[in-house]
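Novice: Below is a structure I'd like to ask you about.
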Amino acid sequence: MTPEFTILGRGRAGRALAAAWGPRAALLDHGARPEGLVLLAVPDRALERLAAEFPGRCVHLSGSLDLPGAPCAHPLTSFDGRARDWTGTPLAITGAVPDGLRRAFGDLGFVAFDLPAELKPLYHAAAVLSSGHAASLWLGAESLLRARGVALPGRGLLPLAEATLRNVAAHGAAGRTGPFVRGDEATIARDAEALPEPWRQIFLNLGRSLG
């Protein structure tokens with residue numbers, strides 16, 4: 001089977017998508033110069049240069065960067081280099097992504113929606129808050145406990161994280177729990193006092209951010 005397009009870049013996103021698409025897509029290093037449609041799965045810092053080398057026949061994956069003349073298809077997920085079940089995962093489309101590539105993403109379960117270029121920074125900031133920053137919070141919380149000799153057994157904080165996401169997915173804002181939701185100021189003050197800076201301010205600011 002002749003590949004329908006080429007993925008340029010062997011990072012986690014490129015490898016995961018290539019594994020899922022199989023023979024539909026060729027996976028090459030970012031230094032290659034293939035013919036036909038090219039999906040740029042490379043760091044943002046390399047995008048402008050590479051997009052200029054494939055004028056009118058490339059699509060990139062950057063959720064933050066807008067390149068005039070180079071459309072974008074950004075999967076709202078965290079890749080680990082392996083094919084996964086992406087059913088129901090949003091796919092932000094900015095610009096004229098070829099129909100064949102949109103169908104290829106749809107076949108993997110991604111759900112496309114149109115994202116105006118001027119909203120990409122806000123969209124990406126929201127993605128960072130819910131992914132990278134969320135991971136930093138969980139890892140930081142574990143580190144704070146470990147530094148004081150508290151070693152959680154079993155799966156540690158992960159069951160709490162999973163249960164929280166399930167509750168929010170099922171009930172929205174009503175799925176939040178904890179002292180900030182209850183308005184328990186005594187517990188909030190006691191917990192904050194136990195935290196070093198800057199974690200204390202992070203704890204208080206995030207807790208009060210939704211009112």
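Novice: Go through segment 69-103 and report how many residues are touching a residue at least 24 places away in the same chain (Cβ under 8 Å), in a loop (DSSP other than H, G, I, E, B) and under 24 Å from HIS133 (Cβ atoms).
Specialist: Selection size over segment 69-103: 8.
Novice: Answer yes if at least one residue in segment 6-21 is at pLDDT below 95 and either β-branched (Val, Ile, Thr) or buried (at least 17 other Cβ atoms within 10 Å of the Cβ) (or both), and no otherwise. I'd like the intermediate steps shown before the answer.
Specialist: Taking segment 6-21 first, the residues at pLDDT below 95 are none.
There is no residue in segment 6-21 that is at pLDDT below 95 and either β-branched (Val, Ile, Thr) or buried (at least 17 other Cβ atoms within 10 Å of the Cβ) (or both).
Novice: While we're on this one: With respect to GLY172, is the statement that it is at pLDDT below 95 and on the phi > 0 side of the Ramachandran plot true?
Specialist: Numbers: at pLDDT below 95: yes; on the phi > 0 side of the Ramachandran plot: yes.
Yes, satisfied.
Novice: Still on this structure, I have one more. Filter segment 7-41 for residues that are in contact (Cβ under 8 Å) with a residue 24 or more places away in the chain, among the hydrophobic types (A, V, I, L, M, F, W, C) and out of contact with any helix residue (DSSP H, G or I) (no Cβ under 6 Å at 6 or more places or on another chain) and give the result.
Specialist: Correct list: LEU8, ALA13, ALA16, LEU17, ALA19, ALA20, TRP21, ALA32, LEU37, VAL38, LEU39.
Novice: Tell me the residue from ALA96, ALA192, ALA92, ALA186 that is in contact with a Pro (Cβ under 6 Å, 6 or more places away or on another chain) and of a type in the set (Gly, Ala, Ser), please.
Specialist: Numbers: ALA192 fails: in contact with a Pro (Cβ under 6 Å, 6 or more places away or on another chain); ALA92 fails: in contact with a Pro (Cβ under 6 Å, 6 or more places away or on another chain); ALA186 fails: in contact with a Pro (Cβ under 6 Å, 6 or more places away or on another chain).
Only one candidate qualifies: ALA96.
Novice: To continue, here is another question. Between residues in segment 104-122 that are within 21 Å of LEU37 (Cβ to Cβ) and in a strand (DSSP E or B) and residues that are at pLDDT 95 or above and basic (Lys, Arg), which pairs lie under 8 Å by C-beta distance while being six or more apart or on different chains?
Specialist: Close Cβ pairs (under 8 Å, with a partner that is at pLDDT 95 or above and basic (Lys, Arg)) amount to ALA112/ARG102.
Novice: Now for a separate question. Being in the same structural domain as PRO71 (by TED's automatic domain parsing), aliphatic (A, V, I, L, M) and either closer than 30 Å to ALA70 by Cβ or exposed (fewer than 14 other Cβ atoms within 10 Å of the Cβ) (or both) is true for just one of ALA169, ALA147, ALA104, ALA125. Which residue is that?
Specialist: Working: ALA169 fails: in the same structural domain as PRO71 (by TED's automatic domain parsing); ALA147 fails: in the same structural domain as PRO71 (by TED's automatic domain parsing); ALA125 fails: in the same structural domain as PRO71 (by TED's automatic domain parsing).
That would be ALA104, the only listed residue that is in the same structural domain as PRO71 (by TED's automatic domain parsing), aliphatic (A, V, I, L, M) and either closer than 30 Å to ALA70 by Cβ or exposed (fewer than 14 other Cβ atoms within 10 Å of the Cβ) (or both).
Novice: Mind telling me which of the residues GLY100, GLY81 ends up being of a type in the set (Gly, Ala, Ser) and over 15 Å from the mean Cα position of the chain (by Cα)?
Specialist: Numbers: GLY81 fails: over 15 Å from the mean Cα position of the chain (by Cα).
Answer to the selection: GLY100.
Novice: I need the full set of residues from segment 146-175 which are of a type outside the set (A, V, I, L, M, F, W, C), in contact with a helix residue (DSSP H, G or I) (Cβ under 7 Å, 6 or more places away or on another chain) and within 18 Å of LEU210 (Cβ to Cβ), in order please. Spell out the reasoning first.
Specialist: Keep residues of segment 146-175 that are of a type outside the set (A, V, I, L, M, F, W, C), which gives 146, 148-149, 153-156, 159, 162, 164, 166-167, 171-172, 175.
Then drop every residue that is not in contact with a helix residue (DSSP H, G or I) (Cβ under 7 Å, 6 or more places away or on another chain), which leaves 156, 167, 175.
Of everything in segment 146-175, those that are of a type outside the set (A, V, I, L, M, F, W, C), in contact with a helix residue (DSSP H, G or I) (Cβ under 7 Å, 6 or more places away or on another chain) and within 18 Å of LEU210 (Cβ to Cβ) turn out to be ASN167, GLY175.
Matching residues to (1) under 30 Å from ASP44 (Cβ atoms); (2) among the β-branched types (Val, Ile, Thr); (3) not in a loop (DSSP other than H, G, I, E, B):
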{"position": "SER136", "(1), (2), (3)": "yes, no, yes"}
{"position": "ARG146", "(1), (2), (3)": "no, no, yes"}
{"position": "VAL150", "(1), (2), (3)": "no, yes, no"}
{"position": "PRO159", "(1), (2), (3)": "no, no, yes"}
{"position": "GLU162", "(1), (2), (3)": "no, no, yes"}
{"position": "ALA173", "(1), (2), (3)": "no, no, yes"}
{"position": "ALA192", "(1), (2), (3)": "no, no, yes"}
{"position": "LEU204", "(1), (2), (3)": "no, no, yes"}
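Novice: Right, something else. Can you tell me which of GLY36, GLY95 is out of contact with any Ser or Thr (no Cβ under 8 Å at 6 or more places or on another chain), surrounded by fewer than 20 Cβ atoms within 10 Å (Cβ to Cβ) and not assigned by TED's automatic domain parsing to the domain that holds ALA126? Write out each step before concluding.
Specialist: Working: GLY36 fails: out of contact with any Ser or Thr (no Cβ under 8 Å at 6 or more places or on another chain).
Selected residue: GLY95, the only one of GLY36, GLY95 that is out of contact with any Ser or Thr (no Cβ under 8 Å at 6 or more places or on another chain), surrounded by fewer than 20 Cβ atoms within 10 Å (Cβ to Cβ) and not assigned by TED's automatic domain parsing to the domain that holds ALA126.
Novice: Assuming GLU142 fulfils every condition listed in (1) surrounded by 13 or more Cβ atoms within 10 Å (Cβ to Cβ); (2) of a type in the set (Asp, Glu); (3) part of a loop (DSSP other than H, G, I, E, B) apart from one, which condition is it?
Specialist: Only one criterion in (1) surrounded by 13 or more Cβ atoms within 10 Å (Cβ to Cβ); (2) of a type in the set (Asp, Glu); (3) part of a loop (DSSP other than H, G, I, E, B) is unmet by GLU142, namely (3).
Novice: With the structure loaded, tell me whether PRO90 is farther than 24 Å from ALA169 by Cβ and either out of contact with any Ser or Thr (no Cβ under 7 Å at 6 or more places or on another chain) or not aliphatic (A, V, I, L, M) (or both) or whether it fails that test.
Specialist: So PRO90 fails the test.
The values are calculated or read from the model by the stated rules, or taken from the named source; none is laboratory data. None of these values were measured; they are calculated from a predicted model. Reconstructed Cβ throughout: ideal geometry from the backbone, glycine too, with neighbour counts over all protein chains shown.
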